[in-house]
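Okay, so here's the structure we're looking at.
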Amino acid sequence: MSSISDAEIQKIVQQVLQRKVQPEISQPAAEPVAVETGQGDRKVAIANDHGGVDFKNMLKAYLIELGYRVVDFGTSDTKSVDYPDYAYMVAEMVSEGKAWRGIVIDGAGIGSCMAANKVPGVRCAMCYDYATAVNSREHNNANVLSLGAGLIGPALAKQIVKTWLETGFGGGRHAKRVDKIMAIEKKFMKNGE
């Protein structure tokens, strides 16, 4: 995967903020600024709502410690924001191949998972233990991880993230099933694209 510059990341953020999927979807209260850190050759996009600020910061430091490059889309404070906006930015990066994997965080992990899964090509999995982390990668080839900051502690979160990032896709019988998931997505996309 080719590296993208900070200017290109900011351009993506601006494009995301200008899109209106539906009129009732609001833009973030404060314009997010994507910040890339780390030295690894694999880029992980990460974002959170107001309920996951400290949780995201802890995981971001851990990802860098593990050797990943991290693109942080925020938010950076506890002022209320809408989780779909942040989940969408991460999902779009993964969908467009500009991030290897993505992580979205909100209070329970459910809403961000739902939002991310609306982006074509994204298979977001909400994981809450070791087994769900392994299964989502090995069986479902998940490319975005959703976590509930209010549901799991730091030690478990680190175990889930490390396991999820290091577990490969099993292929074989699982590949046929993932292909069927993607065929369903394609069926409902406009013009079948």
Overall form of segment 109-174 per C-alpha gyration tensor (a/c, 1.5; a/b vs b/c) | oblate
Would you kindly derive the ³J(HN,Hα) couplings of segment 120-132 from the backbone phi angles with the Karplus curve 6.51 cos²θ - 1.76 cosθ + 1.60 (θ = phi - 60°), listing them in order in whole Hz, with x for Gly and Pro?
-> x, x, 9, 10, 8, 10, 8, 10, 10, 7, 4, 4, 5
Using the Cβ atoms and a cut-off under 14 Å, what net charge is assigned to the surroundings of Glu138, where Lys and Arg are +1 and Asp and Glu are -1?
-> +3
Mind computing the radius of gyration and Dmax over the alpha-carbon atoms of segment 65-149? Å is fine for both.
-> 12.3, 37
Among all the lysines, which ones have a C-alpha under 27 Å from Lys158's C-alpha, if same-chain residues fewer than 8 places away are not counted?
-> Lys43, Lys56, Lys60, Lys79, Lys98, Lys118
Förster radius 25 Å - calculated FRET efficiency between Glu96 and Lys187 (Cβ-Cβ, nearest 0.05) = 0.70
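Based on the mean of other beta carbon atoms within 10 Å per residue, what is the order of 178-185, 105-112, 82-89, most packed first?
Result, highest mean first: 82-89, 105-112, 178-185.
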Under the Karplus curve 6.51 cos²θ - 1.76 cosθ + 1.60, θ = phi - 60°, whole-Hz ³J(HN,Hα) for segment 84-96, x wherever Gly or Pro sits | x, 4, 7, 4, 5, 4, 5, 4, 5, 4, 5, 4, 7
Can you list the GluC sites (Glu not before Pro) in segment 50-106 that are in a DSSP coil and have 16 or fewer other beta carbons within 10 angstrom?
-> Glu96
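How high is the relative contact order of segment 44-99, in percent, counting Cα pairs under 8 Å that sit 6 or more residues apart?
Worked out over segment 44-99, it gives 47 percent.
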The set of residues whose placed amide H lies less than 5 Å from the amide H of Asp82, leaving out same-chain residues fewer than 5 positions away, is Ala29
Net charge over other residues, Cβ less than 15 angstrom from the Cβ of Lys180 (K, R count +1; D, E count -1) | +4
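Every read-out reported here was derived from the displayed coordinates using simple, explicitly stated rules and does not represent laboratory data. These numbers come from a predicted model, not from an experiment. Note that we place each Cβ from the backbone using ideal geometry, even for glycine, and neighbour counts take in every protein chain shown.
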